[in-house]
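Just below is one structure, and these are the notes that go with it.
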Amino acid sequence: MSAAPPTRVYTAGFWLMCLSSFLFFASFNMLLPELPDYLTSLGGAEYKGYIIAMFTVTAGLSRPFSGKLADTVGRIPVMVFGSLVCFLCGFFYPWTATVGGFLLLRLLHGFSTGFKPTGTAAFIGDIIPFERRGEAMGLLGVASSMGMAAGPALGGLLAEHFSLNVLFYCSSGTALLSLIVQGTMTETLPQAQRQKFSLKLLRLRWDEVLEPRVFRPALATLLCMFPYGAVLTVIPDQSTYLGISNKGLFFTFYTVASLVVRLVAGRASDRYGRVPVLRFSTTLLLVALVALALAPSVPFLLAAAVLYGFATGLNSPTLYAWTIDLSPAERRGRGVATMYIALEAGIGLGALLAGWIFANSPARLPYVHGLSAAVTLVALVYLWVGVRHQPASEVA
């Protein structure tokens, strides 16, 4: 009797998900380098910290709903809704003429990341076995990182050679392509769990808001993502201060470095464990933030971007894989949503405090990155003292 052929780990559905994620992340990231100046042109220079914070508020608030809906209605409908919001918001940016209108649109735009990544991570958890999960999240991260790298660079070029309106419409069109790709995928939520959408599904009990089994990776995520909110808020101004015309250049260097690490070290946490890899990557993150605080020139800033990319290239897929490891299969959407609530809280707090400390004064940039380094040090202490390393077999 001939042996059964080995089951393919990476199916067409996985690669379509990677393509959809690339387009989704490119869509809203291409706006980031230009939004601070756009808000300034509307008369809202003092509200720069709100660009990221408003986005993350609705992203965080919508996570419990997206997690519950991913576990009841399905992974794909949740993703489709997120991409649809991204498409509509990109289209309406050119029509905002006031600071209040802009901030309201940022608030609505946050629903996109409140839904799409939650469905994506649950989908990947459904189709990838435990022993390859870290590698799979790394590959998905490569696609997302490519979108995050291409987005700011392309956004800067579009704004420089065409106009902001062209940039906004291209962002909207890219989200539409992500939406179209999702229409070709097959739902992975078991048929027995599926329900038709109804408004009663939006009523949440407390045990449907957070999944207690993933609190450890969620807390680590909150602490490690605080610096990202600060970086998104002040790096465009820091780039301008150092004489970089394309404010997306830092993000390109950071994301390409992250992409390289995900390709080379995607299976690191599968082999050595989630916690040991996080201890190493968080140490590297701390070094990168100290370098950002001291950056006196363009080469130094870009070197810090590479270090930051190396750190997050290891950190992010490991945190995602750790979260999925600890999530019960029937509550995987809610487990992922809990981690993302922590992620949005970290990014939002980082952005708000960064905007308040920076206050449009380049002399205060070291204080912004210094605070991020202090929060990262707390994360490192927690990973060494507050979390024990679990062997892969025990987690499984």
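Things to note:
- Residue check for Thr323: open to solvent by less than 10 Å² (accessible area, probe 1.4 Å), in contact with a Lys or Arg (Cβ under 6 Å, 6 or more places away or on another chain) and not aliphatic (A, V, I, L, M): no
- Number of the exception - Ala159 against (1) surrounded by fewer than 22 Cβ atoms within 10 Å (Cβ to Cβ); (2) more than 22 Å from the chain's Cα centre (by Cα): (1)
- Taking the range 183-205 as the range and being open to solvent by 70 Å² or more (accessible area, probe 1.4 Å) and either at positive phi or without any contact (Cβ under 8 Å) to a residue 24 or more places away in the chain (or both) as the test, the residues that pass are Gln191, Ala192, Leu199, Lys200, Arg203, Arg205.
- The set of residues in the range 87-135 that are open to solvent by 10 Å² or more (accessible area, probe 1.4 Å), in contact with a Ser or Thr (Cβ under 6 Å, 6 or more places away or on another chain) and under 20 Å from Gly49 (Cα atoms) comprises Leu105, Leu107, Phe111.
- Scoring Ala363 on the criteria (1) open to solvent by 20 Å² or more (accessible area, probe 1.4 Å); (2) in contact (Cβ under 8 Å) with a residue 24 or more places away in the chain leaves a single failure, condition (2).
- Every condition in (1) among the hydrophobic types (A, V, I, L, M, F, W, C); (2) within 23 Å of Gly248 (Cβ to Cβ); (3) at pLDDT 90 or above; (4) surrounded by fewer than 24 Cβ atoms within 10 Å (Cβ to Cβ) holds for Val378 except the one numbered (2).
The values are calculated or read from the model by the stated rules, or taken from the named source; none is laboratory data. Because the structure is a prediction, the values reported are computed rather than measured. With ideal geometry, Cβ positions are generated from the backbone for all residues, glycine too; neighbour counts draw on all protein chains shown. Just so you know, the surface numbers come from the protein's heavy atoms only, side chains and all, with ligands and any DNA or RNA stripped out. Shrake-Rupley method; radii C 1.70, N 1.55, O 1.52, S 1.80 Å.
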